[in-house]
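I have placed the structure first, in the form of structure tokens, so that the comments after it can refer back to it.
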Amino acid sequence: MSESNIALIKSKKNALLLTAFAAVCTFLVALTHLITAPVIEEQKQQDILRKLTQVLNKDKFDNNPLNNCVMITNSDISGVNKPTKVYRATLNDEPYAMIFQTQTKQGYNGRIELMVAIDKRGSVQGVRTIAHQETPGLGDKIELEKSDWVLEFNNKIVRSLKDSKWFVKKDGGQFDQFTGATITPRAIVNQLRPSVYNATQAFEEVFALENQCNITEAES
């Protein structure tokens, strides 16, 4: 057998080995994903549920909000021009609160994302900051772990889009600003004012929509 034929055979053998190795790797990756995907999804759902319960009064609802949600497209509420998920909390099957996310890009370092819950009167049940890039030691006081500032919104109602109370104190309103960092709290208050007001106006409509969550009891 010539050297060229031997080289060709070796080349084909190496190609087959590489193909087999790639196939095995692909299979292992797929198998790992198959095994871990349900665990990752469960962890994700539990994280969402934890955030939801933080903005709700635990004595006022008896359902799992993860099992009761709708998709809405309303930038006046969410701050974005795309469908967003709204969760619904109920007590004895009666509406208690809608929980939604809203965001503003007016933070000192850009986007700030919030989770908000309001009851059927429009009274804020809770607000939590879920993502931001504000300056540590200054703007990060919007995190409950760093400051109780976000609790100032509890039980407040937005009476109109220009409600004079819904501004930081520096702008004539009732909400505190941070020493040396007015931009961050101002951005949040200015986003929550129209967001909460418009969510209040849409409350009955949101609860009238058909449920779009399909989480089973085993997953909840």
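Under 5 Å from the amide H of ILE130 lie the amide H atoms of GLU113, LEU114, MET115, each residue being 5 or more positions distant or on a separate chain, with H modelled from the backbone and absent for Pro and chain starts. Summary value for the range 142-196: 27 percent relative contact order, contacts being C-alpha pairs under 8 angstrom separated by 6+ residues. Scanning residues 5 or more positions from GLN106 or on other chains, those with amide H under 5 Å from its amide H are ILE112, with H placed 1.01 Å from N in the peptide plane.
For the range 105-137 versus the range 158-214, the spacing of their alpha-carbon centroids is 9 Å. Taking amide H as placed 1.01 Å from N in the peptide plane, PHE167 has its amide H under 5 Å from the amide H of GLY173, GLN174, PHE175, each at least 5 places away in sequence or on another chain.
Computed over the range 91-185, the percent of Cα pairs more than 17 Å apart is 54. In order along the range 150-160, the phi-based Karplus estimate (6.51 cos²θ - 1.76 cosθ + 1.60, θ = phi - 60°) of 3J(HN,Hα) comes to 5, 6, 4, 7, 4, 6, 8, 10, 8, 7, 6 Hz; Gly and Pro are listed as x. Among the GluC sites (Glu not before Pro) in the range 50-152, those placed in a DSSP loop whose Cβ has at most 10 other Cβ atoms within 10 Å are GLU145. Think of a 1.4 Å ball rolled over the protein heavy atoms: the range 64-214 then has 49 Å² of accessible area per residue.
The values are calculated or read from the model by the stated rules, or taken from the named source; none is laboratory data. All values derive from a computational prediction rather than experimental measurement. A quick note on method: Cβ atoms are made from the backbone with ideal geometry, for glycine too, and the neighbour counts reach across all protein chains shown. When the accessible area is computed, the model is the full protein with side chains, heavy atoms only, and any ligands, DNA or RNA have been set aside. Shrake-Rupley method; radii C 1.70, N 1.55, O 1.52, S 1.80 Å.
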